[in-house]
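Contents: one structure, followed by commentary.
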Ligand code: BGC
């Protein structure tokens with residue numbers, strides 16, 4: 001009886017909420033229909049314009065255009081009095097439509113967190129969630145309401161500088177990070193005052209540019225797209241991302257901005273996306289260079305008809321759309337549809353009833369960046385979680401707080417570099433450098449000595465590139481050997497040397513592709529000289545992409561990947577160096593031995609002639625001058641303790657309607673508290689198409705005291721076995737599957753089950 005009443009009450013509550021949703025949708029439709037009926041074509045087109053306030057579009061001009069109803073959203077400013085003023089003027093426009101206020105919030109806002117590749121290295125859903133939540137809190141409290149994030153482009157080519165902005169090579173890990181960003185930024189309801197609308201980007205395949213060269217073309221089979229590269233965008237959309245930013249590159253011969261198949265057939269028709277599609281900065285005029293539009297007007301026609309709703313920083317929409325409609329090259333229906341997407345978003349955000357949400361017209365810049373508005377504790381927690389221990393011979397790490405330490409290297413005391421790229425709202429002056437963090441944590445700051453040691457590079461061209469718009473990376477004019485001698489003298493007096501080497505943040509950014517991803521010669525010379533002192537050498541890497549590190553790996557006694565860790569980076573590094581925190585990060589991208597191996601990623605297909613195949617002699621898939629495998633594999637990362645992992649399956653058979661529980665038993669066999677990320681991989685051994693040798697389908701963290709044992713459980717579900725088959729249907733095929741559980745992608749801990757044909 002009680003059960004029946006509960007079911008009945010649930011039904012009433014459920015139908016009540018369905019009814020409320022329906023009424024809300026009807027009200028929304030009435031409101032927007034009414035608004036659209038009052039708008040001129042120019043005002044409708046105005047809603048489709050996103051303008052970057054700055055040199056090319058000064059504030060006064062922007063304010064006037066806003067008041068004329070010619071702008072739907074602005075971005076690139078965080079000055080609250082300006083944002084307030086702009087919103088005021090929008091309310092004076094003919095139809096009083098509030099503005100979207102956007103900014104790139106990629107890995108933090110005022111508080112800068114590790115770069116996204118570092119965030120992915122936490123393999124920790126809570127840490128990822130913390131980044132997204134704090135970023136949204138800070139951004140919304142600065143009055144912003146939309147961002148161009150998360151970037152979920154799968155990246156398998158470290159030559160591309162933007163690998164730093166993504167979550168690495170794997171569809172599952174990237175999808176999880178993207179999903180969490182969307183959920184934690186947008187919140188349950190866009191009306192929440194702390195909700196920040198996300199724009200998942202860059203749709204699609206930006207990370208697959210040929211040769212890793214920025215803005216280059218991409219070309220890929222549909223199967224690979226749907227199986228791997230499109231998966232994270234879809235996950236972010238399924239999580240509710242209300243905007244999508246389109247990639248600058250061409251996808252199978254058609255620029256994404258002009259790609260009707262991608263933007264309409266896939267995104268709208270197949271995936272039922274009903275939010276706003278935004279073009280990337282200047283992408284519409286670039287259609288002329290791509291060779292799919294003859295002039296600016298033609299570019300507008302092509303983009304809007306392909307499915308672009310809002311144009312980002314293009315002057316052409318307003319200039320040409322009204323005319324294109326008159327000529328019948330673009331229908332008014334299409335404009336109404338695009339405008340409706342924007343108005344619906346604004347409606348759902350509650351902007352019409354609260355346009356000045358979170359805006360404080362009196363907030364001056366100094367108050368805005370006050371230290372007490374930062375989230376230092378959260379930043380430090382995530383930063384230390386991001387650090388990956390790559391080597392630790394003879395337990396060189398952790399270091400005693402009483403040790404005499406020589407801190408060396410061009411990145412050891414750089415406040416700007418530790419923030420990484422895409423940190424425009426961060427303040428370098430508020431960041432903690434490794435030197436500061438180490439001095440602060442050591443028992444006696446006097447026992448920590450410092451030498452710059454070497455410039456990042458001796459190549460003047462690199463400095464010209466880095467300082468093209470402003471002098472960000474300073475070149476030390478002292479002779480190279482003098483700087484090295486100073487570092488070596490200090491190293492000789494120390495118990496341990498820590499060298500901070502890698503890339504300037506500007507080397508791992510948009511438009512910073514490299515063909516040589518090794519350390520520049522100046523830094524190699526420094527390391528060689530430090531090694532020659534015979535002192536224990538810790539190499540702490542600061543970089544935004546996998547580098548080729550064979551030589552340094554051999555030279556180092558211990559090696560840490562610290563990425564660019566953000567505002568609290570120096571303190572987080574000290575936590576790990578001194579053992580206040582036991583490192584637990586895992587690589588989200590494979591690190592190749594050499595550039596010639598690229599792309600090298602763990603989830604490749606097998607070949608007909610796998611290496612090691614018996615009786616094939618030299619005729620197997622391999623390089624004769626290099627290993628096939630990377631130097632550091634995907635998922636790899638050490639700890640100050642060790643773990644044993646084994647696992648059992650609840651069954652060796654599975655059907656469409658059943659599941660298999662994987663129970664992993666983990667034991668901390670060392671003498672320090674530590675966290676292990678247990679990784680679950682599957683392999684579909686035989687199918688109608690070749691399947692990867694391994695594919696990540698789950699991961700969980702477990703923290704264990706010395707000699708403690710624990711368990712982690714995963715559930716293998718039918719849907720996890722699905723893939724795009726030979727007929728491009730998304731199905732699971734009966735047959736044998738391998739299950740691998742371990743601490744990185746090379747694990748050979750294997751069990752097998754069969755998916756039965758019933
Ligand atoms: C980038 C985008 C970014 C946009 C706005 C473009 O250059 O490709 O990722 O969101 O600028 O700043």
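A few remarks follow.
- The residue of segment 364-406 that is farthest from residue 498 (Cα to Cα), among those that are surrounded by fewer than 13 Cβ atoms within 10 Å (Cβ to Cβ) and more than 29 Å from the chain's Cα centre (by Cα), is 364.
- Qualifying position, being more than 16 Å from the ligand (Cβ to nearest atom), part of a loop (DSSP other than H, G, I, E, B) and touching a strand residue (DSSP E or B) at 6+ places or on another chain (Cβ under 9 Å), among 363, 359: 359
- Residue selected from segment 264-285 under the condition within 13 Å of the ligand (Cβ to nearest atom) and surrounded by fewer than 22 Cβ atoms within 10 Å (Cβ to Cβ), by the criterion nearest to residue 201 (Cα to Cα): 281
- The residue that is nearest to the chain's Cα centre (by Cα), counting only those in segment 303-314 that are surrounded by fewer than 24 Cβ atoms within 10 Å (Cβ to Cβ) and more than 16 Å from the ligand (Cβ to nearest atom), is 306.
- Filter pass, residue 665 being within 26 Å of the chain's Cα centre (by Cα) and either assigned to a loop (DSSP other than H, G, I, E, B) or not assigned by the TED database to the domain that holds residue 177 (or both): no
- When residues of segment 701-758 are limited to those that are part of a loop (DSSP other than H, G, I, E, B) and touching a helix residue (DSSP H, G or I) at 6+ places or on another chain (Cβ under 7 Å), the one farthest from residue 172 (Cα to Cα): 728
- Cβ-Cβ distances below 8 Å connect no pair with a first residue in segment 307-321 that is within 15 Å of residue 43 (Cβ to Cβ) and not assigned by the TED database to the domain that holds residue 345, a second residue that is within 12 Å of the ligand (Cβ to nearest atom) and at pLDDT 95 or above, and a separation of six or more residues or different chains.
- Conditions (1) more than 19 Å from residue 198 (Cβ to Cβ); (2) at pLDDT 95 or above; (3) out of contact with any helix residue (DSSP H, G or I) (no Cβ under 6 Å at 6 or more places or on another chain); number of the one not met by residue 315: (2)
- Selection count, segment 47-79, where residues are within 12 Å of the ligand (Cβ to nearest atom), surrounded by fewer than 22 Cβ atoms within 10 Å (Cβ to Cβ) and assigned to a strand (DSSP E or B): 2
- Counting residues in segment 603-620 that are within 25 Å of residue 548 (Cβ to Cβ), in contact (Cβ under 8 Å) with a residue 60 or more places away in the chain and touching a helix residue (DSSP H, G or I) at 6+ places or on another chain (Cβ under 9 Å) gives one or more.
- Residue ID - nearest to residue 348 (Cα to Cα), chosen from residues in segment 238-263 that are away from the ligand (no atom under 16 Å from the Cβ) and crowded, with 24+ Cβ neighbours inside 10 Å: 263
- Residues in segment 574-602 that are assigned to a loop (DSSP other than H, G, I, E, B) and within 26 Å of residue 405 (Cβ to Cβ): 578, 579, 580, 581, 582, 583, 584, 585.
- None of 209, 200, 231 is buried (at least 24 other Cβ atoms within 10 Å of the Cβ) and touching a helix residue (DSSP H, G or I) at 6+ places or on another chain (Cβ under 6 Å) except 200.
- Residue that is in a helix (DSSP H, G or I), in the same structural domain as residue 338 (by the TED database) and either crowded, with 17+ Cβ neighbours inside 10 Å or modelled with pLDDT under 95 (or both), where the choices are 82, 88: 82
- Filter result (in contact with a strand residue (DSSP E or B) (Cβ under 8 Å, 6 or more places away or on another chain) and either under 21 Å from residue 505 (Cα atoms) or part of a helix (DSSP H, G or I) (or both)) within segment 425-446: 425, 426, 431, 434, 435, 438, 439
For every residue, the table says whether it meets (1) closer than 17 Å to residue 678 by Cβ; (2) outside any loop (DSSP other than H, G, I, E, B); (3) more than 31 Å from the chain's Cα centre (by Cα).
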{"site": "626", "(1), (2), (3)": "no, no, no"}
{"site": "645", "(1), (2), (3)": "yes, yes, no"}
{"site": "648", "(1), (2), (3)": "yes, yes, yes"}
{"site": "651", "(1), (2), (3)": "no, no, yes"}
{"site": "656", "(1), (2), (3)": "no, no, yes"}
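- If the condition is being more than 22 Å from residue 691 (Cα to Cα) and within 16 Å of the ligand (Cβ to nearest atom), then segment 189-211 contributes 196, 197, 198, 199, 200, 201, 202, 203, 204, 206, 209.
- Qualifying position, being part of a loop (DSSP other than H, G, I, E, B) and surrounded by fewer than 21 Cβ atoms within 10 Å (Cβ to Cβ), among 510, 486: 510
- Among the candidates 161, 166, 108, 178, the residue that is within 16 Å of the ligand (Cβ to nearest atom), on the phi > 0 side of the Ramachandran plot and under 19 Å from the mean Cα position of the chain (by Cα) is uniquely 108.
- Looking across segment 532-556 at every residue that is in contact with a helix residue (DSSP H, G or I) (Cβ under 6 Å, 6 or more places away or on another chain) and assigned to a loop (DSSP other than H, G, I, E, B), the one that is surrounded by the most Cβ atoms within 10 Å (Cβ to Cβ) is identified as 544.
- Against the conditions (1) surrounded by 21 or more Cβ atoms within 10 Å (Cβ to Cβ); (2) within 25 Å of residue 506 (Cα to Cα); (3) away from the ligand (no atom under 16 Å from the Cβ), residue 186 satisfies every one except (2).
- The lone criterion from (1) at negative phi; (2) surrounded by 14 or more Cβ atoms within 10 Å (Cβ to Cβ) left unmet by residue 635 is number (1).
- Selection from segment 286-302 of residues that are free of Cβ contacts under 8 Å to residues at least 40 places away in the same chain and within 16 Å of the ligand (Cβ to nearest atom): 286, 287, 289
- Residue within segment 624-631 that is surrounded by 18 or more Cβ atoms within 10 Å (Cβ to Cβ) and either in the same structural domain as residue 560 (by the TED database) or under 26 Å from residue 735 (Cα atoms) (or both) present: no
The values are calculated or read from the model by the stated rules, or taken from the named source; none is laboratory data. No experiment lies behind these values; they were computed from the predicted model shown. Cβ: placed from backbone, ideal geometry, glycine included. Neighbour counts: every protein chain shown.
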